[in-house]
Amino acid sequence: MKPRTLFEKVWDRHVIEQEEGKPAILYIDLHLVHEVTSPQAFDGLRLHGRALRRPDLTVATMDHNVPTTNRSLPIADATSAAQIDALVKNCKEFGVQLYDLHSPQQGIVHVIGPELGLTLPGKTIVCGDSHTSTHGAFGALAFGIGTSEVEHVLATQCLQQQKPRTMEVRIEGKLLPGLTAKDIILAVIAKIGTAGATGTVIEYTGEAIRNLSMEERMTICNMSIEAGARAGMIAPDETTFAYLEGKPEAPTGKHFAEAKEDWRKLATDDGASYDQQVILNTADIAPQVTWGTSPGMGTEITSRVPGPEEFSTESEQKSTRRALEYMGLIPGTPITDIEVDRVFIGSCTNSRLEDLRAAARVIKNRQVSSHVKAMVVPGSQQVKLAAEEEGLHQIFLDAGFEWRESGCSMCLAMNADTLADKERCASTSNRNFEGRQGRGGRTHLVSPMMAAAAAIEGHFVDIRQWEFID
Amino acid sequence: MEPIRQHTGKVAPLDRANVDTDQIIPKQFLKRIERTGFGQFLFYNWRFDKDGNPDPTFELNQPQYQDASILVTGPNFGCGSSREHAPWALLDDGYRVIIASSYADIFYNNCFKNGILPVILPEETVNNLLSRMEAGYTHNLTVDLEQCVITDQAGFKAGFEVDPYRRHCLLNGLDDIAITLQKEEQIEMYERDRPDWYKTAVEKKY
Ligand code: SF4
């Protein structure tokens, strides 16, 4: 048989039908649902008198539009409350398992999938959210879909899909202290651009990737969409299996052993080829900070804010000019001179336990700068609980951070957590678009350690020079 | 979904690259649970200033573009969030055709599901269309999906390519779900053979 890539193997397993000149009909193993992109899809089912085909393969939570403050109070915003209510009602009517606001398993959909062991190697996973790519860290084929497709999956458990092309992103070298998964993926996006991987599924390979923990792998796959990719994947290995074993919904006993045997076969065959390839070495990557209004507008902490003339095309120059104006930055300013007003540690990119540990270590026995307001929003209630058991929350609170309930929060600022006009934020999230964290707000994407250090110093610092007070 | 065969309409320019779906429809409007009524919020943060007054410097606020139904814009249009509220807002505001040199995948796909035709033309041609509008010049274009060609009265003509299946569905306004439901038998067969270990606890409850 022709050597195949990880993606091709998972794809081939799920094609129900492939007629000439038509998209494939792909079977979906897991459909994750949240409150913002599903109400119109459930309405569509009702409108056409269609049933939900596999309630058992559908799992829902609420995350985008939930308060991160006291959950025993009613939601203040009436439209938000109606959206939350709609999800409760829909899940009840169609028999969908829902991890609601009061559930100890509630959290950002891409944090709870893996935590619950719902995310497994070789599965096809979709959700009406672009960062579904996160689940690819387990060797699943996971991608975001629109609401019409959510309805399609609800009704048929299938999707019509054109087969994407493949791209290998190989990261060579070792990760030195201070350099994180977030810096790797930001460097990849800065290199290939936000449309660099459009139409492809990325597979991340190489020594640096193999040595990453599952949580770090999720950070990498999460931001595949910011490079334009449909999905990002990493071949499952011992690290993956060790993470999954014992997770509530993962297979157990004999089934786990059988599954493991099967999952091992998913790795890309020797001699298989990708349509495109990008190679980076960690030796050439420094901690990253974005300066603009697109995740590709990033640079190294040791660098300066670029000027429009440093770009070759007219279109890039125009975008740069606009971005600098929006961000209130002057070309040539050293990145370390940029002062921040807010720090946000959270989002499906960087709000898992390891992220919080890394940030806590940086701020331990220090105080948040007097002109900075900083907050931590754990990715899920389980992350929050685990962090509290380790006493991480106390480190954050002692340093002057706020410690919140789980949800998307200021990653998209749909709830009450927003930046004010012209406020500047060091954020561990994934998008720095205009107004993403609040109208007029200025977002700089960084790793959790870099965000934590910026909270203490009040401006960006090179975390590689940080003195930890353990 | 309303089919598109031939569409003639006024063209409006939005000369920016990488316009993301957060700009097309900002998140504060995603709380609604309906599919309609999003047009009033289209490009909200660009269209209106902080006090909610129309910003006269924004291209699409200029009087000559008010009833446009074709949007010409920069590369990688629709990147970012998968929110289908973006095409819903465009459609609700009267847009049936978008012209750009490239699109983000999910947005591109979402357009077809909603009866919007996203046309891909070479960057030069798009720039040519944009520069014609720089002086405030307005014109109509006719987009013919049957022939896959765009023309205007003044002799502009450009062919474009669309995936034949997508074109077929758009020409006929076909409902994808109904098409897949016809495969019931194959789906059932596939389900019988799925490996046991995908049947997680959630599944076993039923
Ligand atoms: S944390 Fe941010 S990126 Fe992740 S799912 Fe929520 S809104 Fe989307």
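Is region B:53-60 home to any residue that is surrounded by fewer than 24 Cβ atoms within 10 Å (Cβ to Cβ), of a type in the set (A, V, I, L, M, F, W, C) and more than 24 Å from B:Val143 (Cα to Cα)? Yes, region B:53-60 has at least one match.
Among the residues of region A:55-65, what is the count of those that are facing chain B (nearest Cβ under 9 Å) and either surrounded by fewer than 22 Cβ atoms within 10 Å (Cβ to Cβ) or within 16 Å of the ligand (Cβ to nearest atom) (or both)? Break it down into steps so the answer makes sense when it comes.
At the first step, the residues of region A:55-65 found to be facing chain B (nearest Cβ under 9 Å) are A:55-59, A:64-65.
This time we only want the ones that are either surrounded by fewer than 22 Cβ atoms within 10 Å (Cβ to Cβ) or within 16 Å of the ligand (Cβ to nearest atom) (or both), so: A:55-56, A:59, A:64-65.
Residues meeting the conditions: 5.
Consider region A:395-446 and keep the residues that are more than 15 Å from the ligand (Cβ to nearest atom) and within 12 Å of another protein chain (Cβ to nearest Cβ). The one that is nearest to the chain's Cα centre (by Cα) is A:Glu434.
Residues in region A:152-174 include none that are within 14 Å of chain B (Cβ to nearest Cβ), within 16 Å of the ligand (Cβ to nearest atom), of a type in the set (A, V, I, L, M, F, W, C) and touching a Ser or Thr at 6+ places or on another chain (Cβ under 6 Å).
Applying the criterion of being assigned to a helix (DSSP H, G or I) and free of Cβ contacts under 8 Å to residues at least 12 places away in the same chain to the residues of region A:382-392, the residue that is farthest from the ligand (Cβ to nearest atom) is A:Glu389.
Reported count of residues in region A:293-305, each being surrounded by fewer than 22 Cβ atoms within 10 Å (Cβ to Cβ) and touching a strand residue (DSSP E or B) at 6+ places or on another chain (Cβ under 7 Å), is 3.
Residues of region A:187-215 that are more than 19 Å from A:Leu356 (Cα to Cα), among the hydrophobic types (A, V, I, L, M, F, W, C) and outside any loop (DSSP other than H, G, I, E, B): A:Ala187, A:Val188, A:Ile189, A:Ala190, A:Ile192, A:Val201, A:Ile202, A:Ala208, A:Ile209.
Screening A:Gly228, A:Gly146 for residues that are within 16 Å of the ligand (Cβ to nearest atom), out of contact with any strand residue (DSSP E or B) (no Cβ under 6 Å at 6 or more places or on another chain), under 20 Å from A:Ile25 (Cα atoms) and assigned by TED's automatic domain parsing to the domain that holds A:Val15 leaves exactly one candidate, A:Gly146. Does region A:451-460 contain at least one residue that is under 30 Å from A:Ile84 (Cα atoms) and either in contact (Cβ under 8 Å) with a residue 24 or more places away in the chain or away from the ligand (no atom under 16 Å from the Cβ) (or both)? No - not one qualifying residue is present in region A:451-460. Scanning region A:193-230 for residues that are closer than 24 Å to A:Lys247 by Cβ, under 13 Å from the mean Cα position of the chain (by Cα) and of a type in the set (Val, Ile, Thr) yields A:Thr219, A:Ile220.
Each row is one residue, and each column tells you yes or no for (1) touching a helix residue (DSSP H, G or I) at 6+ places or on another chain (Cβ under 9 Å); (2) part of a loop (DSSP other than H, G, I, E, B).
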position	(1), (2)
A:Ser406	yes, yes
A:Ala420	no, yes
A:Phe433	yes, yes
A:Ala453	yes, no
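Looking across B:Tyr108, B:Tyr95, one residue alone is in a helix (DSSP H, G or I), surrounded by 18 or more Cβ atoms within 10 Å (Cβ to Cβ) and more than 8 Å from chain A (Cβ to nearest Cβ). It is B:Tyr108. Take A:Met218 and decide whether it is in a helix (DSSP H, G or I) and either more than 22 Å from A:Ala283 (Cβ to Cβ) or of a type in the set (Phe, Trp, Tyr) (or both). The answer is yes for A:Met218. Picking from A:Leu356, A:Leu329, A:Leu324, which residue would you name as being at pLDDT 95 or above, within 26 Å of the chain's Cα centre (by Cα) and surrounded by fewer than 24 Cβ atoms within 10 Å (Cβ to Cβ)? Step by step, each of A:Leu356, A:Leu329, A:Leu324 is checked, and only A:Leu324 is at pLDDT 95 or above, within 26 Å of the chain's Cα centre (by Cα) and surrounded by fewer than 24 Cβ atoms within 10 Å (Cβ to Cβ).
Cβ-Cβ distances below 7 Å connect the following pairs, each with a first residue in region A:2-18 that is within 10 Å of A:Ala272 (Cα to Cα) and more than 9 Å from every other protein chain (Cβ to nearest Cβ), a second residue that is among the charged types (D, E, K, R) and part of a loop (DSSP other than H, G, I, E, B), and a separation of six or more residues or different chains: A:Pro3/A:Asp269; A:Pro3/A:Asp270; A:Arg4/A:Asp269.
Could you say which residue among A:Thr282, A:Thr290 is under 23 Å from A:Glu203 (Cα atoms), in contact (Cβ under 8 Å) with a residue 60 or more places away in the chain, away from chain B (no Cβ under 11 Å) and surrounded by 15 or more Cβ atoms within 10 Å (Cβ to Cβ)? Full working, then the answer.
Details: A:Thr290 fails: under 23 Å from A:Glu203 (Cα atoms).
Exactly one of A:Thr282, A:Thr290 is under 23 Å from A:Glu203 (Cα atoms), in contact (Cβ under 8 Å) with a residue 60 or more places away in the chain, away from chain B (no Cβ under 11 Å) and surrounded by 15 or more Cβ atoms within 10 Å (Cβ to Cβ), namely A:Thr282.
Screening A:Glu249, A:Glu300, A:Glu238, A:Glu203 for residues that are within 14 Å of another protein chain (Cβ to nearest Cβ) and acidic (Asp, Glu) leaves exactly one candidate, A:Glu249.
Which of the following residues is under 28 Å from B:Trp88 (Cβ atoms), surrounded by 24 or more Cβ atoms within 10 Å (Cβ to Cβ) and over 14 Å from the mean Cα position of the chain (by Cα): A:Ile108, A:Ile145? So that I can check it myself, show each step before the final result.
Numbers: A:Ile108 fails: over 14 Å from the mean Cα position of the chain (by Cα).
It is A:Ile145.
Can you find a residue that is outside any strand (DSSP E or B) and either within 18 Å of the chain's Cα centre (by Cα) or within 16 Å of the ligand (Cβ to nearest atom) (or both) anywhere in region A:94-101? Steps first, answer last, please.
Step one: list which residues in region A:94-101 are outside any strand (DSSP E or B), which gives A:94-96, A:100-101.
Cutting the leftovers down to either within 18 Å of the chain's Cα centre (by Cα) or within 16 Å of the ligand (Cβ to nearest atom) (or both) gives us A:101.
So far as region A:94-101 goes, yes, one or more of its residues are outside any strand (DSSP E or B) and either within 18 Å of the chain's Cα centre (by Cα) or within 16 Å of the ligand (Cβ to nearest atom) (or both).
Among the residues of region A:1-40, those that are hydrophobic (A, V, I, L, M, F, W, C) and over 24 Å from B:Pro164 (Cβ atoms) comprise A:Met1, A:Leu6, A:Phe7, A:Val10, A:Ile28, A:Leu30, A:Leu32, A:Val33, A:Val36. Pairs are defined by a Cβ separation below 8 Å, a sequence spacing of at least 6 or placement on different chains, a first member in region A:345-371 that is in the same structural domain as A:Gln394 (by TED's automatic domain parsing) and without any contact (Cβ under 8 Å) to a residue 40 or more places away in the chain, and a second member that is of a type in the set (Val, Ile, Thr) and surrounded by fewer than 22 Cβ atoms within 10 Å (Cβ to Cβ); no pair meets this definition.
Does B:Asp144 satisfy being more than 13 Å from chain A (Cβ to nearest Cβ) and out of contact with any strand residue (DSSP E or B) (no Cβ under 9 Å at 6 or more places or on another chain)? If you could, list the steps in order and put the result at the bottom.
On the way: more than 13 Å from chain A (Cβ to nearest Cβ): yes; out of contact with any strand residue (DSSP E or B) (no Cβ under 9 Å at 6 or more places or on another chain): no.
No.
In the set (1) within 16 Å of the ligand (Cβ to nearest atom); (2) within 14 Å of chain B (Cβ to nearest Cβ), the condition left unmet by A:Gly379 is number (2).
Quick grid of which residues meet (1) part of a loop (DSSP other than H, G, I, E, B); (2) surrounded by fewer than 23 Cβ atoms within 10 Å (Cβ to Cβ); (3) within 16 Å of the ligand (Cβ to nearest atom); (4) of a type in the set (S, T, N, Q):
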| position | (1), (2), (3), (4) |
| --- | --- |
| A:Thr69 | yes, yes, no, yes |
| A:Pro74 | yes, yes, no, no |
| A:Ala81 | no, yes, no, no |
| A:Asn90 | no, no, no, yes |
| A:Gly113 | no, no, yes, no |
| A:Gly122 | yes, no, no, no |
| A:Gly136 | no, no, yes, no |
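The values are calculated or read from the model by the stated rules, or taken from the named source; none is laboratory data. Please read these numbers as outputs of a predicted model, since none were measured by experiment. Glycine gets a Cβ as well: all are built from the backbone with ideal geometry, and neighbour counts include every protein chain shown.
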